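Each remark here refers to the structure printed beneath this line.
The values are calculated or read from the model by the stated rules, or taken from the named source; none is laboratory data. Just so it is clear, the structure is predicted and the values come from calculations on it, not from any experiment. Ideal geometry is used to build each Cβ from the backbone, glycine not excepted, and the neighbour counts take in all protein chains shown. Accessible surface areas use protein heavy atoms only, side chains included; no ligands, DNA or RNA. Shrake-Rupley method; radii C 1.70, N 1.55, O 1.52, S 1.80 Å.
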Amino acid sequence: MGVVTEIVHRSVAPEDLPGRTVVDGVDVLGSLSPSRASDFMSCPMLFRFRTVDKLPEPSSPEAMRGTVVHKVLEDLFDLPAADRTPSRATDLLLPAWEAILEAEPEVAEMFGSEGPEVGAWLASCEDSLRRYFALEDPTRLEPAERETYVEALLDSKLLLRGFVDRLDVTPTGEIRVVDYKTGKAPHEAYEAKALFQMKFYALVIWRTRGVIPSMLQLIYLGSGELLRYAPDEHDLLATERKVEALWRAIVTAQESGDWRPNRSALCDWCAHRSICPAWGGTPPPLPAPPEPVEQLTDGLTAEDVD
């Protein structure tokens, strides 16, 4: 079993985390979050656009719905248990949206003539919250941790990091890892991809607390479904091998400059399709010399919070 140095628990925005290549005095190979690992598995060119070229991506109403609903659910658990009702969640919705608008006024540009009407969009957020209450009773829950930043340094010196939406811990120490998704539950054929993020977090928790989470739970608020999985040591050892193999592949791509596009149905949703060589586009020139590979994935993005 690998040995880790530490786990960090704190509620913090990704932009507040400094870039780092040293953990407790140990030089690391680099760092991976579940989102960046998933990017590379889906399409190495997408990984390049996001982490090498660092191209901006516009917000979308769908992504912003996730941000707002996550914020409401976080605020809901700040209330006394008896007050965690559907009506109180609805009361929290508009303040959460207004706080985001105040911090990022440009997100308002997604609505109006070029996008959905904001009132209908807020109603869709309310629908997501209503589905949440059909799946869980928050008056009976007292999460141990929420919106928690976690990290673990593997023996290979690869740093794993990310944000966990919620950790529930029983009096006897069993851990449930919970993640909210505002989209619909995946088809059965794609469940393994959806569970990768959760196994990633379970690996971090195991390597730091010495406890394998007893349950991984994805809450899909777009379709009102739960996806649950009970991992075991075999699962998490396989996940560790997978993330280390992904890192080796990232290093090879960075050193060779060969970031292969993977054309798929997901391209329809990609913000960079117009410059992707798989669709006849021209990416920006690669930096010369290449950025040190250990610096590539140090930054966490909003995707890692959602």
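Among the conditions (1) modelled with pLDDT of 95 or more; (2) open to solvent by 10 Å² or more (accessible area, probe 1.4 Å), Pro138 misses just one, which is (2).
When Leu135, Leu158, Leu141, Leu226 are checked against the criterion of being within 25 Å of Asp39 (Cβ to Cβ) and aliphatic (A, V, I, L, M), Leu158 stands alone in meeting it. Here Val4 passes the criteria (1) at pLDDT below 95; (2) assigned to a helix (DSSP H, G or I) except the one numbered (2).
For the range 266-283, filtering for residues that are open to solvent by 70 Å² or more (accessible area, probe 1.4 Å), under 14 Å from Glu57 (Cα atoms) and of a type outside the set (D, E, K, R) leaves 2.
Scanning the range 58-109 for residues that are in contact with a Ser or Thr (Cβ under 6 Å, 6 or more places away or on another chain) and in contact (Cβ under 8 Å) with a residue 60 or more places away in the chain turns up Arg65, Gly66, Val69, Ala81. In summary, strands (runs of 3 or more DSSP E) completely within the range 159-265 and bearing 1 or more residues that are touching a strand residue (DSSP E or B) at 6+ places or on another chain (Cβ under 9 Å) and open to solvent by less than 10 Å² (accessible area, probe 1.4 Å) occur at 175-181, 215-220. Which members of the range 141-158 meet the condition of being on the phi > 0 side of the Ramachandran plot and open to solvent by less than 60 Å² (accessible area, probe 1.4 Å)? The one that is on the phi > 0 side of the Ramachandran plot and open to solvent by less than 60 Å² (accessible area, probe 1.4 Å): Glu147. Going by what's in this entry, would Ser156 be described as out of contact with any Lys or Arg (no Cβ under 6 Å at 6 or more places or on another chain), touching a residue at least 24 places away in the same chain (Cβ under 8 Å), within 15 Å of Val69 (Cβ to Cβ) and of a type in the set (Ser, Thr, Tyr)? So Ser156 fails the test. When Val164, Val150 are screened for being modelled with pLDDT under 95 and in contact with a helix residue (DSSP H, G or I) (Cβ under 7 Å, 6 or more places away or on another chain), only Val150 passes. Would you confirm whether any residue within the range 169-176 is of a type in the set (Asp, Glu) and touching a residue at least 24 places away in the same chain (Cβ under 8 Å)? Looking through the range 169-176, at least one residue is of a type in the set (Asp, Glu) and touching a residue at least 24 places away in the same chain (Cβ under 8 Å). Just one residue in the set Ala265, Ala238, Ala230 is of a type in the set (Gly, Ala, Ser) and over 30 Å from Glu174 (Cα atoms); that residue is Ala265.
A quick yes/no check of all residues on (1) over 29 Å from Asp83 (Cβ atoms); (2) of a type outside the set (Asp, Glu):
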site	(1), (2)
Glu136	no, no
Leu153	yes, yes
Gly173	no, yes
Val178	no, yes
Arg209	yes, yes
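Is it the case that Glu106 is surrounded by fewer than 15 Cβ atoms within 10 Å (Cβ to Cβ) and either in contact with a strand residue (DSSP E or B) (Cβ under 9 Å, 6 or more places away or on another chain) or within 30 Å of Leu159 (Cα to Cα) (or both)? When the stated conditions are applied, Glu106 does not pass them.
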